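The values are calculated or read from the model by the stated rules, or taken from the named source; none is laboratory data. As the structure is a prediction and not an experimental result, all values here were calculated from the model. Quick reminder, even Gly has a Cβ in these numbers, built from the backbone with ideal geometry, and neighbours come from all protein chains shown.
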């Protein structure tokens, strides 16, 4: 009986050693084969003139591919970082530098094989060149996404309303594309986890419900609606943002913005070129958390006063460029 006990103990030691060997720093979980194949199918429809995806080779571990990040325990693809990080060259840069910059952008089509990445939580295709391509409807079925960035990628057409099905989203940026006129933003109201929303340059001239659709998002911290053809400022009573810190409504046609003064949590406000007229509102004086305020390129009354600035103790940036003020003003 003793001999059997020793033998069993020895067997357990061997098993334990094998487990330790498997879990040590030299072991690595490889990517899931079907997910690697989904990525290769996705790559086939892309135009990659600078060979950014040259590491995407069949038979290789897809977790080692450029822009691909996997869960270290399961091997599932969890993030795709395919946005172009480099900034555009200087305006006076040589033509060759500009050519290299444009060649580094991905183009082509977005294959629906991405839906096979069931654990994908992060998708960044920003700053690429998908000229003439609509935002694919199937992205609205990728319900594991918490981060979606399609900005600066030259998408055209309507915003798919089924993006509102992505209830786990924390970050959504569709800005700086050629998105056609939207009739409503009601689809946004279901994104209860959203912290960042960027729709700059989307035509929202007929989306009169934009404020109603966004102001009840409980986690929203940043709202970027620059150049969206917004026109009438909504009633102050309808505003109830609770977490909003950054608000960009620049380059719109807002006749009045007094409703903003209810948003005491704001740290940054950009109202440049927003069509605001009349006296510079003194209501800003109650926004004690403000650090950034841009009121430039509006048609304010020349008799406006700036005494309220003395109450903004946190203010670090103020722009009143080309606002129609006359005479000398002393900023408190």
>> Condition first: at pLDDT 95 or above, within 15 Å of residue 214 (Cβ to Cβ) and under 27 Å from the mean Cα position of the chain (by Cα). Can you find one or more residues in the stretch 254-276 that meet it?
In response: yes
> How many residues does the stretch 294-307 contain that are at pLDDT below 85 and part of a loop (DSSP other than H, G, I, E, B)?
Replying inline: 6
> Is there a residue in the stretch 60-81 that is surrounded by fewer than 18 Cβ atoms within 10 Å (Cβ to Cβ), modelled with pLDDT under 95 and under 23 Å from the mean Cα position of the chain (by Cα)?
Replying inline: no
>> For the stretch 72-87, give me each residue that is farther than 26 Å from residue 132 by Cα and in contact with a helix residue (DSSP H, G or I) (Cβ under 9 Å, 6 or more places away or on another chain).
In response: 72, 75, 76, 77
> Before we move on, is residue 310 at pLDDT below 95 and either closer than 25 Å to residue 169 by Cα or surrounded by fewer than 19 Cβ atoms within 10 Å (Cβ to Cβ) (or both)?
Replying inline: yes
>> Could you tell me how many of the residues in the stretch 120-164 are under 20 Å from residue 77 (Cα atoms) and touching a strand residue (DSSP E or B) at 6+ places or on another chain (Cβ under 8 Å)?
In response: 15
